[in-house]
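*Asks:* So that we are looking at the same thing, I have put the structure below in structure tokens.
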Amino acid sequence: MAERLSDIAIQRELGSLPGWSRRADVITKTFQFRNFLTGIDFVVAIAKIAEAADHHPDIDIRYTKVVCTLSTHSAGGITQKDLDMARQIDGVQEKIG
């Protein structure tokens, strides 16, 4: 099982993840797309990565906005798995843009 990160470790990591912020025991980011279908393409790509990693974000779709929220439920907070997934999600956004 992944271990929860310290507050300092989380803040340090978030410094290299533009747009991601911490809210209690989760990290979250809102992505904006030019149209609905581009946002859906983004979600499908994230779903494939998340399934392969067996680490699934909470995803909220609001027309051209997609909110991704990450937390490791089994650890009760933020772990390295969440930060690694955030980086992968950012990589998807760069490709789909």
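No value in this document is a laboratory result; all are computed from the given coordinates. Because the structure is a prediction, the values reported are computed rather than measured. Cβ placement follows ideal geometry from the backbone for every residue including glycine, while neighbour counts extend to all protein chains displayed.
*Asks:* Just to be sure I understand the curve: with the Debye formula and one point per C-alpha of the range 7-96, what is log10 I(q)/I(0) at q = 0.14 Å⁻¹?
*Replies:* Each listed q corresponds, in turn, to -0.45.
*Asks:* Check residue 72: other-chain or 5+ apart residues with amide H under 5 Å from its amide H, H built from backbone geometry?
*Replies:* 77, 78, 79
*Asks:* Under 5 Å between amide H atoms, partner at least 5 residues away or on a different chain: which partners does residue 31 have, H built in plane at 1.01 Å?
*Replies:* The answer is 66, 67, 68.
*Asks:* If you average the sequence gap of Cα pairs under 8 Å that are 6 or more apart and divide by the length of the chain, what percent do you get for the contact order?
*Replies:* Once divided by the residue count of the chain, the mean separation gives 37 percent.
*Asks:* Let me ask something else about it. Count the net charge of all other residues whose Cβ sits under 12 Å from the Cβ of residue 4, scoring Lys and Arg as +1 and Asp and Glu as -1.
*Replies:* Summing Lys and Arg as +1 and Asp and Glu as -1 gives -3.
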